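Enquirer: Mind looking over this structure? Questions follow.
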Amino acid sequence: MKSNLFISIRLTIVFALFFCIFYTSLILIASTFVPNKGKGSVVIDGNRVFFQEIGQSFTYDKYFNSRPSAVGYNAAGSGGSNKGPSNPQYLNEVKARIDSFRIHNPDVHNEAIPSELVTASGSGLDPDISIQAAMIQVKRIAKVRHISEDAIVRIIEHYAEKPLFGIFGPRKLNVLKINLALDKLK
């Protein structure tokens, strides 16, 4: 028993040193070799600065809607709601989001609304939506901006990101990028 205790203590010290000092230092050094020195991808639009890896709220009808956030898009406190699909309060939140989406997109039936447009992600800061979630919003945006739906579809196709290594995950769109591209359309 005593030998197991000493082995456990030594192993704890070794792992603490490895993960607290060596691994952390390795990640810090590696971050200096990536773009922006590990501070994220910054997008500057006029006098505004955005971080494209953090979900942001877009509520005007002229923009693509982001995925809802359980933390109000606050990057300092990311997290999900931890409420399951059988929780009545959660179901009411989702129903309210569906109703709100339908008010702004009256031609879309409930069954056609992608779940990502009415449910928050695990972090509450997901910056991306699927191609399907973008396509379902095209009609509304075209109507509000008085431009053709084809112009918006071209933006979607141009900014669509392919799956990781071409096989992991679906094609997706960064909401910030496509909304800034919409603002540049005339």
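The values are calculated or read from the model by the stated rules, or taken from the named source; none is laboratory data. Please read these numbers as outputs of a predicted model, since none were measured by experiment. We place every Cβ from the backbone using ideal geometry, glycine too, and count neighbours over all the protein chains shown.
Enquirer: What's the number of the condition I147 fails, among (1) at pLDDT 90 or above; (2) under 22 Å from G55 (Cβ atoms); (3) β-branched (V, I, T)?
Expert: (2)
Enquirer: Taking the options G40, G55, name whichever one is in contact (Cβ under 8 Å) with a residue 24 or more places away in the chain, in contact with an Asp or Glu (Cβ under 6 Å, 6 or more places away or on another chain) and either closer than 21 Å to E161 by Cα or part of a helix (DSSP H, G or I) (or both).
Expert: G55
Enquirer: Which residues, taken from the stretch 155-186, are assigned to a loop (DSSP other than H, G, I, E, B) and out of contact with any helix residue (DSSP H, G or I) (no Cβ under 7 Å at 6 or more places or on another chain)?
Expert: K162, P163, F165, G166, I167, G169, P170, K186, listed by residue number.
Residue-by-condition table, conditions (1) among the hydrophobic types (A, V, I, L, M, F, W, C); (2) under 22 Å from F50 (Cβ atoms); (3) loosely packed, with under 12 Cβ neighbours inside 10 Å; (4) touching a Lys or Arg at 6+ places or on another chain (Cβ under 8 Å):
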| site | (1), (2), (3), (4) |
| --- | --- |
| S69 | no, yes, no, no |
| G77 | no, yes, yes, no |
| K83 | no, no, no, no |
| P106 | no, no, yes, no |
| N110 | no, no, yes, yes |
| S123 | no, yes, no, no |
| K143 | no, no, no, no |
| L182 | yes, yes, no, yes |
